[in-house]
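The values are calculated or read from the model by the stated rules, or taken from the named source; none is laboratory data. Because the structure is a prediction, the values reported are computed rather than measured. Cβ atoms come from the backbone with ideal geometry, glycine included; neighbour counts cover every protein chain shown.
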Amino acid sequence: MIESPLLPKLTGYIGGRWSESPDGNTFDVYNPATGEVVASVASMSESEVQQAVEAGKSALRLTSPYTIETRRKWLEDIRDALKANKEEVGRILCMEHGKPLKEAQGEVDYAAGFFDYCSKHIQALDAHTLTEKPKDCTWTVHYRPIGVAGLITPWNFPIGMIAKKLSAALAAGCPSVIKPASETPLTMIALFTLMDKHVDLPDGMVNLVMGKASVIGKVLCEHPDVPMLSFTGSTEVGRKLIVDTADQVKKLALELGGNAPYIVFDDADLDAAADNLIANKFRGGGQTCVCANRIFVHEKVVEEFGQKLADRVNRMTVGDGLTEDVDLGPLINKAGFDKVKRHVEDALEKGGQLVAGKKPSDLGEGHLFFPPTVISGITPDMCCSREETFGPLVPMATFRSEEEVIEAGNDTEFGLASYVFTGDAERAQRVAAGLRFGHCGWNTGTGPTPEAPFGGMKASGIGREGGLEGLFEFVEAQTVPRGF
Ligand code: ADP
């Protein structure tokens, strides 16, 4: 069992205090590196989720809104608390997610960056007066908090994903009801402990609910006092939320699945392309929505590039994230492990060639560690071309022309992240413009950052997180023209 000063309670948090969990239901949280149960956490009832919404409603201030200075202070204090507790939050994150400790602690810094960004740009949400005076009125534009927001996060970035949403919600003055993924609720509890101790938030401004997604999702979708949901997760659940909130016409911010193309032209710096691919692909064990999922390499350089990948992959170590110098932790659960296994077996059965990688059984039996694997000769009929693998598989296909690879890259319902490696600036511009993806890295595999808007086109979502665009997600513009 995990012990930490940041986990004083394993219950929800409603109206400024830890909730009592009257019916005593719990669910288990596992360390995916060892298979051990590390905690049993309260599984909350429908009425507790409703109480959380009521608490949020009582913290919403419309006629005398929280000032910009007050909101900025909340953001700064959360940022500072995260930074001061980076080691311990990272340790908890590592134990429930499995990613290497350094990466987990890096995620805490990343999360602090969103609170920092919002604190420094919150002035953008101040009201302003239009210089134009149609009908001889003076127009003021106010950015009103939309209301109590439901924030639903996935397990792959247990602190990063909530930071993106919560920083913008608090900047806007929106109370929230937060639901973490059941695989990784402990990092969220740690964040609530820090907010409880170090941040002077009004009671009800932040509420934590945990347990069955169907129970919590139902309340958040149906409750008339929750006008907005911000969700990161699968496209399947995103679609369900669209349907379930249609009656009330709720605002949705959705960051959904990806199927990122990673395109390497023959004029690219192949070492840089390989280094960036390793960093991009194996972050979080290959379980991120911006991970390169389909690698297209110009046919002239595919062998050379494959060799460079093999050299790097063969040096990687797989193991418990808490152990020093581990590059790759376990997959989150058996379903995740089985999916990667199915993709690898399917690719090899359909004619793919193994360039690097061992069998999982070479690492022992009954575990969730999947060795980093590179396969060439990938074709569009293989599962790894159609579905997001969400694991450490690098599937390489070849291409001949720019037009062909743009079409292949776009041949997916998703449109989240994409990458192009080329030394030709004009070609990079053309390819980026042709790829229908919200993010297109040119000679970099880097993902989202607090300063820039990030989000999906097509079935990858609606809305943006980060940047000024992210800051504006939780407000509604209201115009007040003044006649005299
Ligand atoms: P993943 O593939 O990352 O597990 P999911 O879409 O299944 O993605 O889950 C992302 C988050 O959404 C998790 O917190 C999960 O519990 C929650 N979730 C799943 N189903 C629903 C639902 N019907 N309503 C609300 N939240 C849900």
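How many of the residues in the range 250-287 are assigned to a loop (DSSP other than H, G, I, E, B) and either over 18 Å from F454 (Cβ atoms) or among the basic types (K, R) (or both)?
6
Let me confirm something: among G409, G415, G377, G391, which residue is in contact with a helix residue (DSSP H, G or I) (Cβ under 9 Å, 6 or more places away or on another chain), small (G, A, S) and within 18 Å of S460 (Cα to Cα)?
G409
Can you tell me which of (1) more than 13 Å from the ligand (Cβ to nearest atom); (2) more than 17 Å from L60 (Cβ to Cβ); (3) in contact (Cβ under 8 Å) with a residue 12 or more places away in the chain; (4) more than 17 Å from the chain's Cα centre (by Cα) is the one I159 doesn't meet?
(4)
Return a yes/no flag: does the range 169-183 have any residue that is surrounded by fewer than 18 Cβ atoms within 10 Å (Cβ to Cβ), more than 10 Å from the ligand (Cβ to nearest atom) and not β-branched (V, I, T).
No, because not a single residue in the range 169-183 is surrounded by fewer than 18 Cβ atoms within 10 Å (Cβ to Cβ), more than 10 Å from the ligand (Cβ to nearest atom) and not β-branched (V, I, T).
Residue check, A190 against (1) of a type in the set (G, A, S); (2) surrounded by fewer than 18 Cβ atoms within 10 Å (Cβ to Cβ); (3) more than 9 Å from the ligand (Cβ to nearest atom), all met but one. Which one?
Here A190 meets the rest and fails (2).
Please identify the pairs in which a residue from the range 99-113 that is within 21 Å of D80 (Cβ to Cβ) has its Cβ atom under 7 Å from the Cβ atom of a residue that is among the aromatic types (F, W, Y) and at pLDDT 95 or above, counting only partners at least 6 apart or on another chain.
What qualifies is E107/F157.
Each row is one residue, and each column tells you yes or no for (1) over 22 Å from T11 (Cα atoms); (2) touching a Gly at 6+ places or on another chain (Cβ under 6 Å); (3) in the same structural domain as A181 (by TED's automatic domain parsing); (4) not acidic (D, E).
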position	(1), (2), (3), (4)
A213	no, no, yes, yes
K218	no, no, yes, yes
E222	yes, no, yes, no
P227	yes, yes, yes, yes
T232	yes, no, yes, yes
T235	yes, yes, yes, yes
I242	yes, no, yes, yes
V249	yes, no, yes, yes
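What about G321, is it closer than 18 Å to H97 by Cβ, among the small types (G, A, S) and part of a loop (DSSP other than H, G, I, E, B)?
Here the answer is yes, as G321 does meet what is asked.
Which condition number does N280 fail, the rest of (1) within 16 Å of the ligand (Cβ to nearest atom); (2) within 17 Å of D327 (Cα to Cα) being met?
Every listed condition holds for N280 apart from (1).
For the range 232-249, give me the residue count where each residue is within 24 Å of I159 (Cα to Cα) and assigned to a loop (DSSP other than H, G, I, E, B).
Total satisfying the criteria: 2.
Sort out which residues of the range 362-411 are in contact (Cβ under 8 Å) with a residue 60 or more places away in the chain, closer than 18 Å to E345 by Cβ and over 28 Å from the mean Cα position of the chain (by Cα), and write them in order of number.
S376
Check D381 against each of (1) among the acidic types (D, E); (2) more than 16 Å from the ligand (Cβ to nearest atom); (3) under 30 Å from V29 (Cβ atoms); (4) at pLDDT 95 or above and name the one condition it does not meet.
Of everything listed in (1) among the acidic types (D, E); (2) more than 16 Å from the ligand (Cβ to nearest atom); (3) under 30 Å from V29 (Cβ atoms); (4) at pLDDT 95 or above, D381 misses just condition (3).
With the requirement that a residue be out of contact with any helix residue (DSSP H, G or I) (no Cβ under 7 Å at 6 or more places or on another chain), within 14 Å of the ligand (Cβ to nearest atom) and of a type outside the set (A, V, I, L, M, F, W, C), what does the range 227-237 give you?
G233, S234, T235, E236
What tally of residues in the range 210-226 results from selecting those that are crowded, with 19+ Cβ neighbours inside 10 Å and either more than 16 Å from the ligand (Cβ to nearest atom) or over 20 Å from G160 (Cβ atoms) (or both)?
Qualifying residue count for the region: 8.
Could you go through the range 258-269 and let me know if any residue there is within 13 Å of the ligand (Cβ to nearest atom) and modelled with pLDDT of 95 or more.
Checking the range 258-269: at least one residue is within 13 Å of the ligand (Cβ to nearest atom) and modelled with pLDDT of 95 or more.
Of everything in the range 12-52, what is farther than 30 Å from G364 by Cβ, free of Cβ contacts under 8 Å to residues at least 60 places away in the same chain and part of a loop (DSSP other than H, G, I, E, B)? Give them in sequence order.
S19, E20, S21, P22, D23, G24
Taking the criterion of being without any contact (Cβ under 8 Å) to a residue 40 or more places away in the chain, assigned by TED's automatic domain parsing to the domain that holds A112, out of contact with any Asp or Glu (no Cβ under 9 Å at 6 or more places or on another chain) and within 16 Å of the ligand (Cβ to nearest atom), would at least one residue in the range 195-208 satisfy it?
No - not one qualifying residue is present in the range 195-208.
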